[in-house]
Amino acid sequence: MHFSLLVFACVLCGSTLALNNGLMRTPPMGWLAWERFRCDIDCQNDPKNCISENLFMDMADRLSEDGWRELGYVYINIDDCWSSMERDENGRLQPDPKRFPGGIHKLARYMHDRGLKLGIYGDMGTHTCGGYPGTTLDKIQIDAQTFADWEVDMFKFDGCYSNATEQEQGYPLMSKALNATGRPIGYSCSWPAYVGGLPPKVNYTQLGEICNLWRNYDDIQDSWDSVLNIIDWFFDNQDALQPAAGPGRWNDPDMLIIGDFGLSLDQSRSQMALWSIMAAPLFMSNDLRTISSGAQSILQNKIAIGINQDAMGMAGRRILKEKSGIEVFWRPLSNNASALVFFSRRTDMPYRYTSSLRQLNFTTGSYKIIDVFTGKMASLKDSTDFVVSVNPSGVVMWYVSAPASVFCDKCCCVL
Ligand code: GLA
């Protein structure tokens, strides 16, 4: 295709298929309170862990001082249980005065002063899932304006205590209301998760036009079972889900629980690898004040993050399910590169899996491989057999760069 035509086509697809707020062209990254800190409001007995401004400021300090922000982890997101049980005299949501004495606007400033962003939570319905005031249809405009006045940067709109008809009206209305404030606010919709997550009940074309990301499926819990269940659901349904993702519009398989209690280091690498294949948002829900160095280095792996954040924004797919229990995943990346993940569902011992790039549909050529979690590099011809040793519930992840010939044209070769 002629270059200008290609640019024109891309401008068109960008403007028609994704929410037009220009945000989240790559999956958003940051920290979200829910999985680890839930609805702990007992600041008297548990001051370090309760949902309060101190918790969010602590995490912001960690993001900005421990190397997270530079890697792209910039959102600090409040989830449920932040608000007071009553709206104020003007009908506006207000934070719990004991736990957020400075107010949300001041907390947003705290984030912005550190090069971070603040996210907040609400619910399309009479109450949030935790029983706090919800946003019924008549409150959508005032709540969107309140968040914008507070200089909030992202909004998660949950869906407890509403019916399908209200959701059908409410999610698009909130999108319009947020846009109308004039403040760029990333919009996370839980809508699909409340209607089964799949077409025909879910219209992913419409979602891409009104939301930046959306929860498709169940809540993650702190266990490998839960992570595996999410992996299975997303890849079993990849034909419906994978095409829905793209710049500005992402499937959200829920938070990273790396650094908590439920995953081994191998399982943590698996979550990081497969969330990167899916082009999933990377919201950690862990305690960054006490995280182990092992978990931190997985979450801070630059190559995995680079794959997750690839500019082309095309999500990957499972391409093979072997009888041995090895599964192979592939994601196309910019510059004709790609990512491969070899994942083991086995429960016995490291499995030596033999294959070749040709068997994995790579075209003829010689490729440079970087092992994402060991940093080892190698050259590999498409026809050469290789062996990877994959630990039980673990992965081997590769960044595969383009074969040399792709970068050569009449004038020069760039390698
Ligand atoms: C729902 C959501 C979770 C979390 C809780 C809060 O279950 O799916 O992510 O926001 O509500 O109550």
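The values are calculated or read from the model by the stated rules, or taken from the named source; none is laboratory data. Everything numeric here is computed off the predicted structure, so don't read it as measured data. For neighbour counting, all protein chains shown are included, and Cβ atoms are generated from backbone atoms with ideal geometry for every residue, glycine included. Accessible surface areas use protein heavy atoms only, side chains included; no ligands, DNA or RNA. Shrake-Rupley method; radii C 1.70, N 1.55, O 1.52, S 1.80 Å.
Please go through (1) open to solvent by less than 30 Å² (accessible area, probe 1.4 Å); (2) at pLDDT 95 or above for Pro350 and return the number of the only condition it doesn't satisfy.
Answer for Pro350: the failing condition is (1).
For Arg289, work out the one condition from (1) surrounded by fewer than 23 Cβ atoms within 10 Å (Cβ to Cβ); (2) touching an Asp or Glu at 6+ places or on another chain (Cβ under 9 Å); (3) assigned to a helix (DSSP H, G or I) it doesn't fulfil.
(3)
Which members of the range 9-32 meet the condition of being touching a helix residue (DSSP H, G or I) at 6+ places or on another chain (Cβ under 8 Å), aliphatic (A, V, I, L, M) and at pLDDT 95 or above?
Met29, the sole residue that qualifies.
Tally time: how many residues in the range 101-121 are assigned to a loop (DSSP other than H, G, I, E, B) and either among the aliphatic types (A, V, I, L, M) or farther than 24 Å from Glu70 by Cα (or both)? Don't jump to the end; show me each part of the working.
Of the range 101-121, the ones assigned to a loop (DSSP other than H, G, I, E, B) are 101-103, 114-116.
Narrowing the set further to residues that are either among the aliphatic types (A, V, I, L, M) or farther than 24 Å from Glu70 by Cα (or both) leaves 101-103, 116.
Residues in the range 101-121 being assigned to a loop (DSSP other than H, G, I, E, B) and either among the aliphatic types (A, V, I, L, M) or farther than 24 Å from Glu70 by Cα (or both): 4 in total.
Could you look through the range 20-61, keep only residues that are among the aliphatic types (A, V, I, L, M) and within 16 Å of the ligand (Cβ to nearest atom), and pick out the one that is surrounded by the fewest Cβ atoms within 10 Å (Cβ to Cβ)? If you could, list the steps in order and put the result at the bottom.
To start, the set of residues in the range 20-61 that are among the aliphatic types (A, V, I, L, M) comprises 23-24, 29, 32-33, 41, 51, 55, 57, 59-60.
Among the residues that remain, those that are also within 16 Å of the ligand (Cβ to nearest atom) are: 32-33, 41, 51, 55.
Details: Leu32: 27, Ala33: 25, Ile41: 16, Ile51: 25, Leu55: 23.
Of everything passing the filter in the range 20-61, Ile41 is surrounded by the fewest Cβ atoms within 10 Å (Cβ to Cβ).
Enumerate the pairs (first residue in the range 354-371 and without any contact (Cβ under 8 Å) to a residue 12 or more places away in the chain; second residue anywhere and open to solvent by 10 Å² or more (accessible area, probe 1.4 Å)) with beta-carbon separation below 9 Å, excluding pairs fewer than 6 apart on the same chain, so at least 6 apart or on different chains.
Within 9 Å, the pairs are Gln359/Leu320; Gln359/Asp385.
So which of Leu265, Leu228 is open to solvent by 30 Å² or more (accessible area, probe 1.4 Å) and within 23 Å of Trp31 (Cβ to Cβ)? Walk me through how you get there before you give the answer.
Numbers: Leu228 fails: within 23 Å of Trp31 (Cβ to Cβ).
From the options Leu265, Leu228, the qualifying one is Leu265.
Being part of a strand (DSSP E or B) and within 15 Å of Gly72 (Cα to Cα) is true for just one of Phe329, Phe283. Which residue is that? Step through it out loud before you land on a result.
Values: Phe329 fails: within 15 Å of Gly72 (Cα to Cα).
Matching residue, one of Phe329, Phe283: Phe283.
Among the residues of the range 238-250, is there at least one that is within 16 Å of the ligand (Cβ to nearest atom) and under 25 Å from Leu63 (Cβ atoms)? Don't jump to the end; show me each part of the working.
Start the filter on the range 238-250 by keeping residues that are within 16 Å of the ligand (Cβ to nearest atom), which leaves 250.
Filter once more, keeping what is under 25 Å from Leu63 (Cβ atoms): 250.
Yes: the range 238-250 contains one or more residues that are within 16 Å of the ligand (Cβ to nearest atom) and under 25 Å from Leu63 (Cβ atoms).
Give the residues of the range 62-110 that are open to solvent by 60 Å² or more (accessible area, probe 1.4 Å) and within 16 Å of the ligand (Cβ to nearest atom), sorted by residue number.
Scanning the range 62-110 gives a single hit, Met85.
Could you grab the pairs with beta carbons closer than 8 Å, sequence gap of 6+ or different chains, first residue in the range 143-170 and at positive phi, second one among the charged types (D, E, K, R)?
Short answer, once both residue conditions are applied: Glu151/Arg109; Glu151/Arg183; Tyr161/Asp123.
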